[in-house]
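Below is one structure, written out as structure tokens; the observations come after it.
Read-outs: derived from the displayed coordinates by stated rules, not from any lab. The structure presented is a predicted model; accordingly, all values stated were derived computationally and were not measured. Backbone-built Cβ (ideal geometry, glycine too); neighbour counts: all protein chains shown.
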Amino acid sequence: MRLVKLAVASVNTTVGAVRSNVTRCVELARAMAEQDVTVAVFPEQVIGGYAAEDLVQWSGFVRAQRKELERFARETASLGTVFALGLSVGRGGDLFNAAALVHAGEILLFCPKEKLPTYDIFYEARTFSRGVPYLADEADGVPLADAILSFDFGTVALEVCEDIWSPDGPMRRRCYSGAELVLNLSASPFRSGIVATRREMIATRAADNQCTIAYANLVGGNDGLVFDGGGFVNQNGRPMLEARRFVEGFEAVVVDLDRTLRCRREASTWRSDAERFRAEFSAVLTIGAHGATQRRASLSYPVPRGYAAARGVGGHVDGGDYPSFFMPAIGGPSLAPRDAWLDEVFEVLALGVADYFKKTGAFKSFGIALSGGRDSCLCLLVAWRAVQLLHPELEGEALREAMGALVQAFYMPSRFSSEATRAAAERIAADVGASLLVVPIDKAFERECGVTRSMLSEGGKTALTAVTEQNIQARLRGARMWNWANTSQAMFLQTGNMSEKALGYTTLAGDLEGAFSVIANLPKTVVVALLERLLRRHAFEGVRMVLATIAGPELAAHQSGEAELMPFSVLDACLYLYAGEKLSQDEVSLALRSLFPEVDDDKLDGWAKKFATLFTRSIFKWVRAPQAIHVGGLDLDRERALQLPVVQKTEWGDGD
């Protein structure tokens, strides 16, 4: 047996905080060494923070990362563990997103990332150069190379994040050249369904390349991105470790590298592919790493999950519930898949808000315009969870006191506000312990209407449009929130959802205002589903009261969002098909007929046309919205996932 203990670390970094980031890595490194970890993997760009974007164009920022890596090497020199860390490395006119391997106080290798993503939320090719096969260079005395390293326990390869997502990535040639253990350093942000994709992809790569993969991911919020952490160890297609997500720290597992060697010898297809590779290509450079690594004599053979626990409670060798090498682990997920997903999204939103609050250092509290409707209710609950993340030591009455001090909600009624929404707002604030102040806007509304009429009279008009009267109310609320937030140094949470934002069912300088958008990338149907889930989890009476109200902005009498737009289920289907799947208006119409066969075709065609028209007209609005939390593969965020020209027409998509 060749037993090694592998650790994957999730670190909550802040972009630019090179000293603080490395200090945290040093603390984790020492804790790993105390647990006899042989090889430890930290995330991508763990020293500088991710995503640094154009900040890497400052040479001082790049130099500081190298300086801090050298400090990490010095402060871990007495440890036998081998460490992999991510940073930016400059070489002449090139700047690389690289993985560094450190052992016994020495930086042994810089390995550049080869696959630079420029899709979705990524723009790495803007600032970084690509590593290339068989690169053999150096950066201030350290090899900068497409290379593998030979240690006393086995042969190791490095790679960075996107490299593992391509079947034609560097892993193939490095494994054919002798690498047994591949360390992948990642900063992979959360998006819907990503954990299952990662799990399957890593298992596929480990099986295809007959290797052991240790994958570590960043955790925490940076700007609108939330990294969900976690990590995997997979040996030749067999899952060995799946680390917890959304928490900072590390987890470790023992593997037998002789099993990887044996699997290679048994896999005739892999051997024939390796033979063909060696006949056509050269092997990558192998660097010999001198010096003993962490002691391994105390390591025990890896056993099935739950094995030791079962023995501890009196399991018997012939017992039916005894853990087995031949069967999956005992137990499994207890939640329905949709509930588990909703819980995960809620945690992402809260982590995004908490880290934005903490890492910017610009705010002392949270502020929210609480309307008694669904969107602001969900945002208040996200703030409630964010306070728990900011103060994990608090619970019970102490947590309620913190909520009262940190979260200030304002209910700002006009003549169109209902008693039902007021009661719901008051109750949900009381449920979570947030402070609530009622600030009517009717007098100010009358004043503004009068001033606007006098301005219009100069041009011969005195009547306000209905939309203007609605917008005046929204703008009064937005201005009051900003005035309070400026003086209170509060983080003003913008509460609009993705569906209404997509169709411009928002007011510039009104409800589109805020310092940070909480749910701007959540469709309305998901907002409702999250509230229903939170009601089941926490039994908040305020949530039940909110869900009983009519979904509408209450800017006019008896206003309903669905009546003025379309049913939210149809709206969200259009949003997915048109903006997500990039279907034309005519194609959306056809798809809607399959989704809603009970609805008249002419009505569906009208909704599809209405969506395409309003979506296109409203781009000028949502490009001015505050930064929002990235949740899925589709964002209405011009700097992130969906980059569209503001000025455009849809003549290409409306048929003949």
Next item on the list: Specify which residue in the list 42, 407, 372 is farthest towards the positive end of the charge dipole of the chain, using unit charges on the beta carbon of Lys, Arg (+1) and Asp, Glu (-1), about the Cα centre.
Entry: 42
Margin query: Taking a ≥ b ≥ c as the square roots of the Cα gyration tensor eigenvalues, with a/c under 1.5 meaning rounded and otherwise prolate when a/b beats b/c, else oblate, which class fits segment 3-293?
Written below: rounded
Check: Can you give me the Cα centroid spacing of segment 520-587 and segment 52-79 in angstrom?
Finding: 46
Next item on the list: Just need the relative contact order of the chain here, percent rounded to a whole number, with Cα pairs under 8 Å and 6+ apart.
Entry: 11
Checklist line | DSSP bridge pairs, the chain: antiparallel proportion in percent, nearest 5 | finding: 55
Next item on the list: Go through 203, 83, 270 and say which Cα lies farthest out towards the positive end of the charge dipole of the chain; charges sit on Cβ, +1 for Lys and Arg, -1 for Asp and Glu.
Entry: 83
Item checked: Neighbour-limited loop hits for trypsin sites (Lys or Arg not before Pro), segment 1-74 (at most 16 other Cβ within 10 Å; DSSP other than H, G, I, E, B) -> 2
Item checked: Rounded to the nearest 20 debye, dipole of the chain from Cβ charges on Lys, Arg, Asp, Glu -> 940
Notebook entry, point to check: Which GluC sites (Glu not before Pro) in segment 356-400 pass both tests, a DSSP loop state and at most 13 other beta-carbon atoms within 10 Å?
Noted result: 393, 395
Note to self: I need the Debye-formula profile for segment 132-243: one equal scatterer per C-alpha, no solvent, reported as log10 I(q)/I(0) at q = 0.10 1/Å, two decimals.
What the structure shows: -0.31
Notebook entry, point to check: Listing 346, 568 from the residue with the fewest other Cβ atoms within 10 Å to the one with the most, what is the order?
Noted result: 346, 568
Check: Which length gain, in nm to one decimal place, applies between residue 1 and residue 150 when the Cα-Cα distance is subtracted from 0.36 nm times their residue separation?
Finding: 51.9 nm
Notebook entry, point to check: How about segment 450-504: which GluC sites (Glu not before Pro) there lie in a loop by DSSP and see at most 13 other Cβ atoms within 10 Å?
Noted result: 458
Note to self: Counting only helical runs of four or more DSSP H residues, what would the 222 nm mean residue ellipticity of the chain come to if each run contributes -39,500 (n - 2.57) and the total is spread over all its residues?
What the structure shows: -12500 deg cm²/dmol
Next item on the list: Please go through the residue pairs 582/621; 67/364; 359/582 and name each one whose alpha carbons sit more than 28 Å apart in this structure.
Entry: 67/364; 359/582
Margin query: Using alpha carbons only, how many angstrom separate the centre of segment 607-635 from the centre of segment 147-216?
Written below: 36
Item checked: Unsatisfied cross-links (Cα-Cα over 27 Å) in the set 461/609; 115/501; 115/358; 524/609 -> 461/609; 115/501; 115/358
Next item on the list: Please work out the ratio of the alpha-carbon Rg of the chain to 2.2 N^0.38 Å and round it to two decimals.
Entry: 1.08
Next item on the list: State whether segment 338-653 is rounded, prolate or oblate according to the following rule on the C-alpha gyration tensor (a ≥ b ≥ c being the square roots of its eigenvalues): a/c under 1.5 gives rounded; otherwise a/b larger than b/c gives prolate, and the remaining case gives oblate.
Entry: oblate
Check: So what is the relative contact order of segment 142-233, in percent, for Cα pairs below 8 Å that sit 6 or more residues apart?
Finding: 25
